[in-house]
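Quick notes on the structure that follows.
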Amino acid sequence: MSQTIAVVGGTGPQGKGLGYRFARGGYDVVVGSRSAERAVPVAEEIAARLEGVEGAGSVTGAANPEACGQADLVLVAVPWDGHDDLVAGLPLDGKLVVSCVNPLAFDKRGAHGAIVNGGEGSAAESAQALAPGATVVGAFHNVSAVLLWEDEALDEDVLVVGDEAEAKQQVMELARTVTGRRGIDAGKLRLARQLEPLTAVLISINRKYKTHSGIRISGLDTHQAD
Ligand SMILES: NC(=O)c1ccc[n+]([C@@H]2O[C@H](COP(=O)([O-])OP(=O)(O)OC[C@H]3O[C@@H](n4cnc5c(N)ncnc54)[C@H](OP(=O)(O)O)[C@@H]3O)[C@@H](O)[C@H]2O)c1
């Protein structure tokens, strides 16, 4: 039986792109939204792109709590503003929760990391504190939504942080649907404090070079990352 993944905030570009990649990789995906009416057409759009793709999973839409109820793994892909209120209301007990949420702020000098919990926290750690019955892993913070919606394997690495080894392994495997390679074990969950604001650097690079940059780690043998 294939694994079902709920994408909370799946109507936005990041959730939609990751949902598309996960379903293309064979996972069943439930696109979540604060309104089921917004989720269903996005699910249909993803499913239409997957028509004729051998081995693709199903894609359906539902309100966020119902989507979580149907899933083994929940991806949280919502903006930092409103994140805590939303996560606190979701049925996440016993679920593997993946956070790709980047708390960022923008001013006239560009993007920068927002201060979370006085500098002693991250979105992923907030999710873990709000959902103690779940296991939270941080991943997919640094992959561009624009590239996710395209078909090519991405020439970049997915850095995965978490405190539970088995959950982290599952998410490292899930990363194959995005890059064609296993994700990289980047350490404990608290290192989300470094991964999340790193996206501000990529946004700055994107603006300068008019590209969609990502992270590639050197110094690992192919077999370590594959
Ligand atoms: N865009 C990227 O390239 C990218 C790359 C890496 C990581 N990320 C991270 O991924 C997350 C999602 O990014 P995105 O660009 O897809 O964001 P987005 O379009 O701004 O939001 C995604 C979805 O979240 C829901 N949402 C919006 N405001 C909310 C609130 N206050 N409370 C609850 N739900 C709300 C909306 O869905 P409904 O209205 O349907 O509920 C929306 O479609 C962010 O944390 C971002 O930092 C994004």
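Values for this structure:
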{"quantity": "Lysines with Cα under 21 Å of Lys208, excluding same-chain neighbours fewer than 8 positions away", "calculated": "Lys108"}
{"quantity": "15 Å Cα-Cα reach of Lys188 towards aspartates and glutamates, excluding residues that sit fewer than 8 places from it in its own chain", "calculated": "Glu120, Glu125, Asp163, Glu164, Glu166, Glu196"}
{"quantity": "Residues of the stretch 125-153 with amide N under 20 Å of a point placed 7 Å along Cα→Cβ from Asp93", "calculated": "127-137"}
{"quantity": "Over the stretch 117-226: Rg over Rh, Cα atoms, Kirkwood Rh", "calculated": "0.97"}
{"quantity": "For the chain, with +1 on Lys and Arg beta carbons and -1 on Asp and Glu, the positive-most of Leu96, Leu154, Pro65 along the dipole", "calculated": "Leu154"}
{"quantity": "Coarse-grained scattering of the chain at q = 0.08, 0.09, 0.15 Å⁻¹, given as base-10 log I(q)/I(0) from a Debye sum over alpha-carbon atoms", "calculated": "-0.25, -0.32, -0.96"}
{"quantity": "³J(HN,Hα) computed for each position of the stretch 15-23 - Karplus, 6.51 cos²θ - 1.76 cosθ + 1.60, integer Hz, glycine/proline x", "calculated": "x, 5, x, 5, x, 4, 5, 4, 5"}
{"quantity": "Net lengthening on full extension, Glu44/Asp163 (0.36 nm per residue, minus Cα-Cα)", "calculated": "39.3 nm"}
{"quantity": "Two-site label geometry, Ala36 and Glu120: point separation in nm, points 7 Å out along Cα→Cβ", "calculated": "4.3"}
{"quantity": "Label zone at Arg190 (point 7 Å along Cα-to-Cβ), backbone N below 19 Å, the stretch 105-130", "calculated": "115-130"}
{"quantity": "Dipole magnitude of the chain, debye to nearest 20 (Cβ charges: Lys/Arg +1, Asp/Glu -1, about Cα centre)", "calculated": "720"}
{"quantity": "Separation between Cα centres of the stretch 48-96 and the stretch 129-153, rounded to whole Å", "calculated": "11"}
{"quantity": "Interchain or long-range residues, amide H under 5 Å from Val29's placed H", "calculated": "Ile5, Ser58, Val59, Thr60"}
{"quantity": "Potential extension, Arg109-Ala63 segment - 0.36 nm per residue separation minus Cα distance", "calculated": "12.9 nm"}
{"quantity": "Set of aspartates and glutamates with alpha-carbon distance to Lys210 below 18 Å, sequence-local pairs under 8 removed", "calculated": "Glu150, Asp155, Glu156"}
{"quantity": "In Hz, Karplus ³J(HN,Hα) per residue of the stretch 171-181 (6.51, -1.76, 1.60; θ = phi - 60°; x = Gly, Pro)", "calculated": "6, 4, 5, 4, 4, 4, 5, 9, 10, x, 10"}
{"quantity": "At most 12 other Cβ within 10 Å, DSSP loop - trypsin sites (Lys or Arg not before Pro), the stretch 67-143", "calculated": "Lys108, Arg109"}
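Taken together, the values in this text are just the output of simple stated rules run on the coordinates, not laboratory data. Computed from a predicted structure; not experimentally measured. For neighbour counting, all protein chains shown are included, and Cβ atoms are generated from backbone atoms with ideal geometry for every residue, glycine included.
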